[in-house]
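**Student:** Dumping the structure here so I can ask a few things about it.
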Amino acid sequence: MTPDIKALALLARRYLRRGIRRTDAVGAELRRIDPLIARAETAEPPAAPTHHPVIRHLGAALEGFRDLDALAESGPLLPWRHGYQPDPSRPGLEDRLARVELIGPEAPLRYPGLCLGFVLIAPHTVYPPHAHPAAELYHIISGRALWSVGETAAPRRAADFVLHPSGIPHATATADEPLLTIYTWTGDVLSPSRFLPERSP
């Protein structure tokens, strides 16, 4: 079976559209993103599946979501990647956090100024403070997490949207269940994300 990347991207788009009428910065970002998803052009089939360890949590993350059968079936066949160099100060994080990019400058569906995909984080995982030039939007499909954006931390759960403006530090700490989200990057999508130094107490 070859994953239908276009169908997965349209599935993500349908979920993102739940917030498109919002009158805040999240709604503005969604209205900017929505037409770009349709402009992404098929360039090549997806890379070979990576069999990333975090995939063992996908079934639990999708439990009860009948409209996400396509992701449940295709998920193990997708190229999930951690995206950071292994760091001795964060042992095992590379096995507990991964993303799969559907749209992007080098993704199976090509668009130069937009990245779109899914992120899966294992339970009881801290995604440490990091930042990147791209503006980033998350839409939580399932799970709960304590989410920090800049100086503000708040609990987040399924159906929430979280916007990270360009360059703003952010971090996530999951609870007892895995966290599955849709993510988008806009703006400078070529510069990588980088971990930030831990603050002293």
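The values are calculated or read from the model by the stated rules, or taken from the named source; none is laboratory data. Everything numeric here is computed off the predicted structure, so don't read it as measured data. Because the Cβ atoms are built from the backbone with ideal geometry, glycine has one as well, and the counts that use them run over all protein chains shown. Only protein heavy atoms, including side chains, enter the accessible area calculation; ligands, DNA and RNA are left aside. Shrake-Rupley method; radii C 1.70, N 1.55, O 1.52, S 1.80 Å.
**Student:** Report whether or not Ala28 is at pLDDT 95 or above, in a helix (DSSP H, G or I) and either under 15 Å from Gly117 (Cα atoms) or open to solvent by less than 20 Å² (accessible area, probe 1.4 Å) (or both). Step through it out loud before you land on a result.
**Tutor:** On the way: at pLDDT 95 or above: yes; in a helix (DSSP H, G or I): yes; either under 15 Å from Gly117 (Cα atoms) or open to solvent by less than 20 Å² (accessible area, probe 1.4 Å) (or both): no.
So Ala28 does not fit the description; no.
**Student:** Restricting to the range 160-199, name every residue that is small (Gly, Ala, Ser) and either under 14 Å from the mean Cα position of the chain (by Cα) or more than 22 Å from Ile141 (Cα to Cα) (or both). Break it down into steps so the answer makes sense when it comes.
**Tutor:** Of the residues in the range 160-199, the ones small (Gly, Ala, Ser) are 166-167, 171, 173, 175, 187, 191, 193.
Ser166, Gly167, Ala171, Gly187, Ser191, Ser193 - these are the residues of the range 160-199 that are small (Gly, Ala, Ser) and either under 14 Å from the mean Cα position of the chain (by Cα) or more than 22 Å from Ile141 (Cα to Cα) (or both).
**Student:** Looking at (1) small (Gly, Ala, Ser); (2) under 16 Å from the mean Cα position of the chain (by Cα); (3) open to solvent by 10 Å² or more (accessible area, probe 1.4 Å), which one does Gly92 not meet, given that it meets all the others?
**Tutor:** Answer for Gly92: the failing condition is (2).
**Student:** Here's a follow-up. Which ones in the range 31-41 are part of a helix (DSSP H, G or I) and open to solvent by 20 Å² or more (accessible area, probe 1.4 Å)? Quick ask: steps written out before the conclusion?
**Tutor:** Step one: filter the range 31-41 for residues part of a helix (DSSP H, G or I), giving 31-39.
If the condition is that a residue be part of a helix (DSSP H, G or I) and open to solvent by 20 Å² or more (accessible area, probe 1.4 Å), then Arg31, Arg32, Asp34, Pro35, Leu36, Ala38, Arg39 are the ones that fit.
**Student:** Name every residue in the range 14-25 that is within 17 Å of the chain's Cα centre (by Cα), surrounded by 13 or more Cβ atoms within 10 Å (Cβ to Cβ) and basic (Lys, Arg), in order of residue number.
**Tutor:** Residues of the range 14-25 within 17 Å of the chain's Cα centre (by Cα): 14-19.
Checking the rest, the ones that are also surrounded by 13 or more Cβ atoms within 10 Å (Cβ to Cβ) come to 15-17, 19.
Arg17, the sole residue that qualifies.
**Student:** Also, quick follow-up: Going by the conditions given, is Leu11 surrounded by 13 or more Cβ atoms within 10 Å (Cβ to Cβ), in a helix (DSSP H, G or I), within 15 Å of the chain's Cα centre (by Cα) and not charged (D, E, K, R)? Outline the logic, then answer.
**Tutor:** On the way: surrounded by 13 or more Cβ atoms within 10 Å (Cβ to Cβ): yes; in a helix (DSSP H, G or I): yes; within 15 Å of the chain's Cα centre (by Cα): yes; not charged (D, E, K, R): yes.
Yes.
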